[in-house]
Protein chains: 2
Amino acid sequence: MTVYPASAAASTLDLPVIRHDVDAVLEEFLRHKVAAAADSFLPDEVPRALEVFVFAGGKRLRPLLCVIGWHAVQDHGVTSAVVRAGAALEMFHAFALIHDDLMDRSDTRRGRPTVHRALADRHRASRAPGDSDRVGASAAILVGDLALAWSDELLHTAGLSPSQLAAVLPVVDMMRTEVMYGQYLDLVTTGRFTADVGAALRVIRLKTAKYTCERPLHIGALLGGGGPEVLAACTAFALPLGEAFQLRDDLLGAYGSVGTTGKSASDDFRDGKQTVLLALALQRADDSQQRMLRKLIGNPDLDDDGAAGVREILTATGARQEVERMIRARFARALHALDEASFTPSATAALRRLAHTATERTA
Amino acid sequence: MTVYPASAAASTLDLPVIRHDVDAVLEEFLRHKVAAAADSFLPDEVPRALEVFVFAGGKRLRPLLCVIGWHAVQDHGVTSAVVRAGAALEMFHAFALIHDDLMDRSDTRRGRPTVHRALADRHRASRAPGDSDRVGASAAILVGDLALAWSDELLHTAGLSPSQLAAVLPVVDMMRTEVMYGQYLDLVTTGRFTADVGAALRVIRLKTAKYTCERPLHIGALLGGGGPEVLAACTAFALPLGEAFQLRDDLLGAYGSVGTTGKSASDDFRDGKQTVLLALALQRADDSQQRMLRKLIGNPDLDDDGAAGVREILTATGARQEVERMIRARFARALHALDEASFTPSATAALRRLAHTATERTA
């Protein structure tokens, strides 16, 4: 196992360097898949589509948290095996987003066509027979499935010891079940139009707080040999942070612009997505605002004026302000948990910075 | 680890008993998932949908081959860990079929509505807002994803030793990549209308021969401690058998009846599926038969008369007979490989019986 030079890592964690190392692993893995496909007369557009998708953007939040989780326990340079485990989480995330975009019928992600759109366009350009949109959808299901299988392969070939592998596999299994259930809940509640803040928070907990924050930290901490106390401290920090992160995401989804977020600001309204923001607005809306929201939310023909109308009500009811308050409260709870935890100073500092970025971001 | 009573297992392998044991593992696992969902306020229709799907039928071919692979090396009763690894393969197969049915837009499987149809019907009956077919499709993507994640969970919790786990994970990874690529090739070649028998055989090799026969045997043999020689012998038997199995399947798809196969006999024609049978017919068809096939294959409005017309050409060109000949040749090659292999007598006998059943079946 390669051990990275400890250098500055002991005192401050260099997040851009970790990001770069994770990307290098992903790039090498996918380049190898392209070569392997060519050797076996297999279509290399699958690994190439993943390459384009993975390197179009992304914050690499899960790999970063995985590596920081390791540092929470270990006070010296990170091994390449941990970086590779982090890369496996990013590949899993690619799977989740590709299937997600297909289910949401999103046209763009990270400012580019989504995978099902790109593959439909490819089919259309090839003038092959068949319905291009249908072929694109099917191909995206398969590209997602392969990303999931390859995230396993990255983990299995990471160079972990048998006991490390045995420690993380159950957490990986839990993480998957959680995020898939979260996605399922999201699917069956979308368009239901309820003021049930609790239900919206349940989806956030599964889809983001546990999946994006808690489990990556757990996986890293377990790789570093962390015990139950460390895992509990990770949870105490990660759950409120993850909720804050998603609440910020919902605000950006409602008030952000395509230019900064890479996706249309009206998509969530048009799809009738059950966010905490919307549930709060529904709780507080007067009769005419209720009628207005029911007319606009989930309306496939919603235009810019309609979206502006929704935004006005979200603000006027105080829902926006309440979500900002919830973000602040969760942010404070996360930082408090960090103070209570006995992580290494470098991990604590990195998590504090990450918490700021995640809750204050504009994209 | 529970060791099954060796009893008769040493001399003859009781396939119905193995099938029953595999089903008991799947049943207990899914019952546990239903209970776990209820405990966490999660929708239990996901494990219930899988339950219905898994127990509606299926030959349990992959679990059987996994257990027989173990017996090829070991001459005493099988451990519960191997049965559970076999159950993991069946859960993976559920994933593959659920996504497959969605991509093929099949209405029935095993004589019942496919998962996306069943979930669309459920949504329609609940009178919830939204497009029921779209919700059904999205839900089926997620149910398939969960089946894939749960097949891992079954394997990870099978009670394998760390060295057993380390031995099988790379093969599981290869198996997944192979079958997903096979499915992708199938997707992009469907409707292309070519006489390329080699391309059709390549899909068969990935989607069936390796996935259904070779890899399950490998996994079982590795769990039993088999080395490279045993694996090579498994391959020599499994690849021709798997090809024969799929060629039989294509014949049943063309000439079988809904009553015996559980799916409509015209689906393959209507979808323009690139089978070896069709490629051979295209090679041998005269001009008028060519025109006829081009008109009928891939035609979404194909009726019973049209399907009968296709069948007539498949027979008249000798394609059907040629496929029967290919099945016989592969069957003989598989049996020859079995004679050359140094498997235990009980495994050899079981594989011989299975080879007969797989190539001579009518459903």
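Summary value for the stretch B:1-160: 27 percent relative contact order, contacts being C-alpha pairs under 8 angstrom separated by 6+ residues.
Can you give the mean number of other chain Cβ atoms that lie within 10 Å of the Cβ atoms in peptide A:198-208?
1
With contacts taken as Cα pairs under 8 Å and at least 6 residues apart, chain A reaches a relative contact order of 20 percent.
Could you pull out the pairs from A:LYS33/B:LYS59; A:LYS59/A:LYS295; A:LYS59/A:LYS273 whose alpha carbons sit more than 25 Å apart here?
Exceeds cut-off: A:LYS33/B:LYS59; A:LYS59/A:LYS295.
So how far, in whole Å, is the C-alpha centre of the stretch B:71-113 from the one of the stretch A:54-87? Using only Cα atoms, the two centres lie 34 Å from each other.
P(r) for the stretch B:1-160, from all Cα pairs and a bin width of 5 Å, is 2, 9, 17, 20, 17, 13, 9, 6, 4, 2, 1, 0 %, short bins first. For the stretch A:188-295, applying the loop criterion from DSSP together with a ceiling of 16 other beta carbons within 10 Å to the trypsin sites (Lys or Arg not before Pro) yields A:ARG192.
Kirkwood analysis of the Cα pair distances in the stretch A:229-338 returns a hydrodynamic radius of 14.8 Å. Amide H contacts for B:ARG109 (H built 1.01 Å from N in the peptide plane; partners 5 or more residues away or on another chain; cut-off under 5 Å): B:THR114. All other residues with a Cβ under 12 Å from the Cβ of A:GLU340 taken together, and with Lys, Arg as +1 and Asp, Glu as -1, what is their net charge? My count for the surroundings of A:GLU340 gives -1.
Test of understanding: express the Cα radius of gyration of the protein assembly as shown as a ratio to 2.2 N^0.38 Å, with N the residue count. Its radius of gyration relative to the 2.2 N^0.38 Å reference: 0.99. One equal scatterer on each Cα of the stretch B:124-206, no solvent, Debye formula: the resulting log10 I(q)/I(0) at q = 0.11, 0.17, 0.19, 0.22 Å⁻¹ is -0.55, -0.89, -0.94, -1.03. Helical runs (DSSP H, four residues minimum) scored at -39500 (n - 2.57) apiece and divided by the length of chain B put the mean residue ellipticity at 222 nm at -23500 deg cm²/dmol. For chain A, report the % of Cα-Cα distances exceeding 28 Å. Cα-Cα pairs in chain A separated by more than 28 Å: 46 percent.
Every read-out reported here was derived from the displayed coordinates using simple, explicitly stated rules and does not represent laboratory data. Everything numeric in this text was worked out from a predicted model, so none of it was measured. We place every Cβ from the backbone using ideal geometry, glycine too, and count neighbours over all the protein chains shown.
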